[in-house]
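The values are calculated or read from the model by the stated rules, or taken from the named source; none is laboratory data. Being a predicted model, the structure only gives us computed values, none of them experimental. Note that each Cβ is placed from the backbone with ideal geometry, even for glycine, and that neighbours are counted across all protein chains shown. We work out accessible area using only protein heavy atoms, side chains counted, and drop any ligands, DNA or RNA first. Shrake-Rupley method; radii C 1.70, N 1.55, O 1.52, S 1.80 Å.
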Amino acid sequence: ELKEIVFIIQSQSNSFHSKRAEDLKRDILKQAADLGKELPTVLLIHQMDGHEGAWTILPLMRDFSITYGRNSSWIFFCEEDTRIQVVKLLETLGRFDGSKEWFLGKALYDEESTIIHHYAFAENPAVFKFPDFAAGWALSIPLVNKLAKKLKSEPLKSDFTIDLKHEIALYIWQKGEGPHLTPVPEFCTDDVNSYKVDHCATTFSNFLPLCGEPVKKEDVFVAVKTCQKFHGDRIPVVKQTWEREAALIEYYSDYADISIPTIDLGIPNTDRGHCGKTFAILERFLNHSSHRTPWLVIVDDDTLISIFRLRKLLSCYDPNEPVFLGERYGYGLGTGGYSYITGGGGMVFSRIAVQKLLASKCRCYSMDAPDDMVLGMCFSGLGIPITHSPLFHQARPMDYPKGYLSHQIPVSFHKHWNIDPVKVYFTWLAPNTEESLNGKKIGYNREDL
């Protein structure tokens, strides 16, 4: 029965995202009403009070067990851009015995072991499957009850949440004692309009959001963090790739080099952290850039980014809201920690977010504190939620499953380890996928990378 499915939408409180989640909730309930069925429960994760880490899902298992453990059969999780054919979903879940422990989803796997998964299953990473959240995934209530019981006796230990889909699958797997992910072919990430989706219970609707005209080039100020030792190898990559897409760009270093040019902020370089430098950049943006520039992007000198795509993405966000956007990580969320935007993939701020941050007294506890984590702590303290986009990436393309990247038009990648960064840029990020560059198409085959 439809009323035995609890739908959980991985929503966010930012106005653009919350509206999309509300639209999906309305669509699910309308399909249910059109079937003449008793309406299911549809919950938005950002509305679940009391959990800073609600987006990490596991801390909610006890609540799910207590509230739905007796009269429901399935908890079905999806993203705001997942599209659901309710009849087909009912048929699909009906094939599984809901009295048993099931973990269902569209399977992703690593082709090689990767740092973002702590080199898990190094011998053969492809053996471990984890769900693509964009396709939706489901837990049977007996498994939810089991997880809730385990969480009661053994609180979550991990300090960091880096890749939630992999970490949830690991937790459920319980070193081989729990269920593996069962792949379900009806859970799909093909585009809603694709000819391939006739058999699908779920599809996906958004490869790169666009909400009207892209924001103007002049509305995005780009700050590149660098230091003298990287001027010779990293900055030339920026200049060969994405610099031309930026109308307003400055390079901040510990040494003024007029050939680039770089600006010495008077902050000595630190081997790690860079908190002092980042706060100096924020203050400079507020005090020295045009007050009409609504957006600031801070990137590392080894970040590869598409400003062209970022301008499209930013068309969906209101610069009058305090927006702090990028790839979300978590720290200590099981024990009252905070979420943060991981710096390597790029951190995007609305001017008002920078104003609110600097008007507060929240600052670095040391010059080499991790800047991205301090910013997360500060915004959490101010009650300003961070906004996650999966299109920003802290690592390289080969560090992510191909199936995951296949339904994205990415905005950024990070790091130059063991890759040709110029080739990566022109393969994954250059505007030539949407427009030709100087009239010529430049491209590589993604499969080569």
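Confirm whether I45 is at positive phi, surrounded by 18 or more Cβ atoms within 10 Å (Cβ to Cβ) and in contact with a helix residue (DSSP H, G or I) (Cβ under 7 Å, 6 or more places away or on another chain). So I45 does not fit the description; no.
Considering the conditions (1) buried (at least 17 other Cβ atoms within 10 Å of the Cβ); (2) at negative phi, D318 is excluded by exactly one of them, (1).
Residue by residue, here is whether (1) part of a loop (DSSP other than H, G, I, E, B); (2) in contact (Cβ under 8 Å) with a residue 60 or more places away in the chain; (3) on the phi < 0 side of the Ramachandran plot holds:
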{"residue": "A148", "(1), (2), (3)": "no, yes, yes"}
{"residue": "S158", "(1), (2), (3)": "yes, yes, yes"}
{"residue": "I172", "(1), (2), (3)": "no, yes, yes"}
{"residue": "K175", "(1), (2), (3)": "no, no, no"}
{"residue": "P179", "(1), (2), (3)": "yes, yes, yes"}
{"residue": "D198", "(1), (2), (3)": "no, no, yes"}
{"residue": "L208", "(1), (2), (3)": "yes, yes, yes"}
{"residue": "K239", "(1), (2), (3)": "no, no, yes"}
{"residue": "E250", "(1), (2), (3)": "no, no, yes"}
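Scanning the stretch 367-395 for residues that are open to solvent by 30 Å² or more (accessible area, probe 1.4 Å), part of a loop (DSSP other than H, G, I, E, B) and over 12 Å from R328 (Cβ atoms) yields a total of 3. Looking only at residues of the stretch 255-308 that are over 27 Å from the mean Cα position of the chain (by Cα) and assigned to a strand (DSSP E or B), we find that the one that is farthest from V220 (Cα to Cα) is D264. Within the stretch 146-170, the set of residues being over 24 Å from Y404 (Cα atoms), modelled with pLDDT of 95 or more and open to solvent by less than 50 Å² (accessible area, probe 1.4 Å) comprises L147, A148. Any chance the stretch 215-238 includes a residue that's over 30 Å from G273 (Cα atoms), open to solvent by 20 Å² or more (accessible area, probe 1.4 Å) and among the aromatic types (F, W, Y)? Checking the stretch 215-238: not a single residue is over 30 Å from G273 (Cα atoms), open to solvent by 20 Å² or more (accessible area, probe 1.4 Å) and among the aromatic types (F, W, Y).
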